[in-house]
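First the structure, in the form of structure tokens, and then the observations on it.
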Amino acid sequence: MSVRVRIAPSPTGYLHVGTARAALYNYLFARHHNGVFILRSDDTDTERSTQEFSDDIVASMRWLGLEWDEGIIVGGPHETYRQSERLGRYQEVAAGLVEAGKAYYSFATPEQLETFRNEARREGMSPAYDGRYKVSPAEAEERLRTGESATVRFAVPRPGETVFEDVVRDEVRFDHVQVDDFVILRSNGTPTYHLASTVDDVDFEITHVIRGEDLLSSTPKHILLTEAMGAEPPTYAHLPLLMGPDGKKLSKRHGHTALAAYRDAGYLADAVVNYLALLGWNPGDDDTVVDRAAMIERFELDRVSKNPAIFDAVKLEWMNGVYIRGMNADAFIATVTPLVEEDLGRALTADERAVLAEMAPLVQERAKKLTEIAPQMRFLFAEISYDETSWQKVMAKPDAGRAIRSAREVLARLDDFSTNSVEHALRGMLETEGLNPRKGFQPLRVALSGSSVSPPLFESVAALGKDRTLARLDAAAVAIDAAS
Ligand code: GLU
């Protein structure tokens, strides 16, 4: 039997990092076993589902490189993979279960259910609805004929117990006292998540359901439904919850929770994939940087931990830096050129492209996010303005003007404006002026780039060239005089 797994996001929100982690684990498991990875759309909630969210899910999956073999957009033998287009199928299954006595039309009112729950709680019993208001099939038929509306509930066998072997959590037991006679079809004929998801998993021949632990308590319902449909339940693997570094459930307080926000904030897909992979899975040694091929080769569900996984935005940023540094020079230049051009609002000239290529490795070494790069290179291609914090920290200090004027003097004398020659001249300036590198060089950085955060100084001076360097030093000297 070949592996068939699925990810089933609901387009009622942007693709969440937790869902992305589950998608990745399904993808890795499928690729490891040469199986099939399916993208289904759980879009039965028509009121909250939107095209925008649906597009975001598809775009985010593609950005991560989690290509699916069957599902929405790409199609497949079980088409359609959209729940909203399978309503007839769910109704048919529900009717079959009623017919077989495994489900029933329920006329229990919300008030009755509320009373039942309150009483159960008062008596210290499970508030899971046990079907006590169930009516006979004949009465049900009669009431339906007179136009009364009813939900369809699954008749959970009582007493009873559902036991299953979860790949991550080992043996899991649910006494049916804790499982209510759950609704499978609402009175308006729409399926609940339990019904739609289970019917799809059966129809699409899913072999392994790999999903978040928040759905663990739904699993006995899905197993009961699957068996009632006469099918073999899949293997379940419930992934540990994601927490913030403070041990609380992952939320916006801990950083972005929408995956696309990381793309927009300058993260590389490979870095995000690598980081998500480690949220609960141990590749087998202390490796933290694992490429996709190695992940596919090594991925095993039984190496997934039961313990909550900590989503640490700082660690993700670190890992992104590792991946940025790992890009080859050409790929890096190809990635940053459009970012720089977008930032400038114009195309770079051939000469400017050469400057960019020369400076790129210096920026690449230090960047943690792609979004940092264009602002750091802007001074090479556009007029500058002084960053307020840098000005206060550096230019408002006593020796700044002296360093700038002295640097201007030594650089003006240079014919050779290469990095080495610039370095030699500027180090000489430090000595003559009796300044340490911080006091002597920081003002030059701010004068040339507008900011104290910029690529290395000597290379920057060489890249700017003599004319622009002298002009910026002059302008800074004037600005300092004006400010003092
Ligand atoms: N639509 C469900 C969700 O997004 C799918 C859960 C499942 O994998 O069964 O939570």
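The values are calculated or read from the model by the stated rules, or taken from the named source; none is laboratory data. Since the structure is predicted, the reported quantities are computational estimates derived from the model, not experimental observations. Heads up, the Cβs are rebuilt from the backbone with ideal geometry, glycines too, and the neighbour counts pull from every protein chain shown. When the accessible area is computed, the model is the full protein with side chains, heavy atoms only, and any ligands, DNA or RNA have been set aside. Shrake-Rupley method; radii C 1.70, N 1.55, O 1.52, S 1.80 Å.
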Considering only the chain, percent of DSSP beta bridges that pair antiparallel, nearest 5 = 50
Computed over the Cα atoms of the stretch 1-108, what is the convex hull's projected area averaged over all directions, in nm²?
-> 8.9
What ranking do 181-194, 295-308 get when scored by the average of other Cβ atoms within 10 Å per residue, highest first?
-> 181-194, 295-308
Given unit charges at Cβ for Lys, Arg (+) and Asp, Glu (-), the dipole magnitude of the chain about its Cα centre in debye, nearest 20, is 1280
With r defined as the distance between the Cβ atoms of residue 365 and residue 252 and R0 fixed at 35 Å, what FRET efficiency is calculated, to the nearest 0.05?
-> 0.65
Positive-pole candidate from 199, 482, 272, dipole of the chain, charges at beta carbon = 482
Calculated on alpha-carbon atoms, Rg and Dmax of the stretch 312-388 in Å | 12.9, 41
Any idea of the accessible area per residue across the stretch 1-93, 1.4 Å probe, to the nearest Å²?
-> 41
Vicinal HN-Hα couplings computed from phi for the stretch 364-381 (Karplus, 6.51 cos²θ - 1.76 cosθ + 1.60; Hz; Gly/Pro x) = 4, 4, 10, 6, 9, 9, 4, 5, 6, 6, 4, x, 6, 9, 3, 4, 6, 10
Inter-site label distance for residue 322 and residue 420 at 7 Å from Cα along Cβ, in nm | 3.7
Given 102/134; 252/315; 368/397; 315/439; 102/221; 248/315, the pairs whose alpha carbons are separated by over 24 Å | 368/397; 315/439
accessible surface per residue for the stretch 266-307, probe 1.4 Å, DNA/RNA/ligands not counted, whole Å² -> 43
Give the dimensionless ratio obtained when the Cα radius of gyration of the stretch 111-221 is divided by 2.2 N^0.38 Å.
-> 1.23
Pop the C-beta distance of residue 50 and residue 115 into the FRET formula with R0 = 35 Å and round what comes out to the nearest 0.05.
-> 0.40
Cα Rg, Dmax, the stretch 268-308, angstrom units | 9.8, 28
The stretch 1-110: trypsin sites (Lys or Arg not before Pro) falling in loop per DSSP and having at most 15 other Cβ within 10 Å = 48
For the stretch 219-329, with only Lys/Arg (+1) and Asp/Glu (-1) charged at the beta-carbon, what is the dipole magnitude about the Cα centre, in debye rounded to 20?
-> 520
Would you please report the Å³ per residue occupied by the convex hull of the alpha carbon atoms in the stretch 71-120?
-> 141
Based on DSSP H runs of at least 4 residues, each adding -39500 (n - 2.57), what is the mean residue ellipticity at 222 nm of the chain after dividing by all its residues, to the nearest 500 deg cm²/dmol?
-> -15000 deg cm²/dmol
Extent of the chain along each principal axis, from alpha carbon coordinates, in Å, largest to smallest?
-> 104, 47, 40
The stretch 319-440: C-alpha gyration tensor shape, a/c 1.5 cut-off, then a/b vs b/c | prolate
Carbon and sulfur together cover what percent of the accessible area of the chain at a 1.4 Å probe radius?
-> 50
